Amino acid sequence: MSRLTPVDIERFVNLVDQQNAIRQLVEDSFLGLTRPQRIRHLRDRCSAELYVCLKNIFGFEELDDILLAEYKDLPIEAQDIYRYVCAIQAMGGKVHRQLIVRLLGVDGGQLANQLSQLDGVVSEHDINEDRGIYGWSARHDVIANVIATYKFGDPQEQLDLLDNLIHGLNPSVWLELETANALATSEMGIDRLPNHDDQIRLLTELVRVVPAERTPHRRLIRKYLDADDAGGAKQAIDLALRDLGQDDIVDRYRVRLVVMRAQKAEGLMVGDRVALLFEARSQASKLLQRRPDDRHNYRLLCEVGLSLLRMNGNAMVLTEGIDALRVAEAEIPDPEFTNDRQHYEQLLRLESKTK
């Protein structure tokens, strides 16, 4: 796979401009850019890699065949290393030599030979030479993503990989803490698994392995809330508070949990549900006072108010949240505050018409 010079990239753009037959094949998102934007887009995205450049222009899945043929030509042992490197890189994890040794049980004495077989495909770079930590990476994140998609397409293989990764993590190595957080957040990590129970189990195990990391705790709580599992969410919140102490995002999830109970708990009278929503309002207001620069706290108060309006027609809390957003607009130069205010004002008008 050849490397591109700046002149090569300009010639690609010229082809798109000058050849109508080629222009017909190009992605609309690329055609919508100006010429300087196209050049900058390719230069920034492709890292001078021909395949990635073509992928950014055309977006054809057939281009993946180039990478798959390249993979097929590698020796079997090198193929396995390559797909593991790509899978971890695609998750946003930090690949290093010892991690691959642990995952694959590779003989350390054979590493130099196997890395030479991956010349031009996987590269090694120094991270901490004194501690013997050497990073490995595929040529580009786009390439890593393609290989990971095809070579870990079986959900059971994905599950086994994540299981092995989590149980093999060394929390004393900062690289592996970054990998732990990436597993929790990346679309190619735990979220890629099709089974919700598997996701919950792996996130729970990840929290056990790296209890001081905030991201896995937050993702586990979010998973329970999105599944309307109040019991699981409460348990995960209590665990996070024990391991992390005060955390703004976990505190927001506590408010969401109270709102969920108000909306969905069985056997409650309307008055009980309203009381829960006012408790959620109290918690949301405290969060807003503590962090008035965080727009998510304003949205949270408005969402509590919206739930109350829909439950008993009381617009007081939603109006309170909208007024707080209006004040924040004048002090915080972020257009999203205006967008949020307008969004909730529209919802207030729509809900008021139906009452």
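The values are calculated or read from the model by the stated rules, or taken from the named source; none is laboratory data. Bear in mind the structure is a predicted one, so any value in this text is a computation, not a measurement. Virtual Cβ from ideal backbone geometry, glycine too; neighbours counted across all protein chains shown.
Quick rundown of the values:
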quantity	calculated
Qualifying residue in region 267-278 (condition: free of Cβ contacts under 8 Å to residues at least 12 places away in the same chain and either in contact with a Pro (Cβ under 8 Å, 6 or more places away or on another chain) or at positive phi (or both))	yes
Answer residue from region 210-232, given it is more than 20 Å from the chain's Cα centre (by Cα) and in a helix (DSSP H, G or I) and is nearest to Asp160 (Cα to Cα) among those	Gly232
The listed residue being out of contact with any Gly (no Cβ under 8 Å at 6 or more places or on another chain), over 23 Å from Val327 (Cα atoms), surrounded by fewer than 17 Cβ atoms within 10 Å (Cβ to Cβ) and not acidic (Asp, Glu), out of Ala236, Ala230, Ala240	Ala230
The lone exception for Glu49 - which of (1) surrounded by 14 or more Cβ atoms within 10 Å (Cβ to Cβ); (2) of a type in the set (Asp, Glu); (3) modelled with pLDDT of 80 or more it fails	(3)
Candidates Val210, Val255, filtered to the one that is within 27 Å of Ile332 (Cβ to Cβ), β-branched (Val, Ile, Thr), surrounded by 15 or more Cβ atoms within 10 Å (Cβ to Cβ) and outside the structural domain of Gly93 (by TED's automatic domain parsing)	Val255
Qualifying residue in region 89-99 (condition: at pLDDT 80 or above, loosely packed, with under 15 Cβ neighbours inside 10 Å and not hydrophobic (A, V, I, L, M, F, W, C))	no
Pairs with Cβ under 6 Å, 6+ apart, first in region 309-336 and surrounded by 13 or more Cβ atoms within 10 Å (Cβ to Cβ), second polar (S, T, N, Q)	Glu329/Thr338
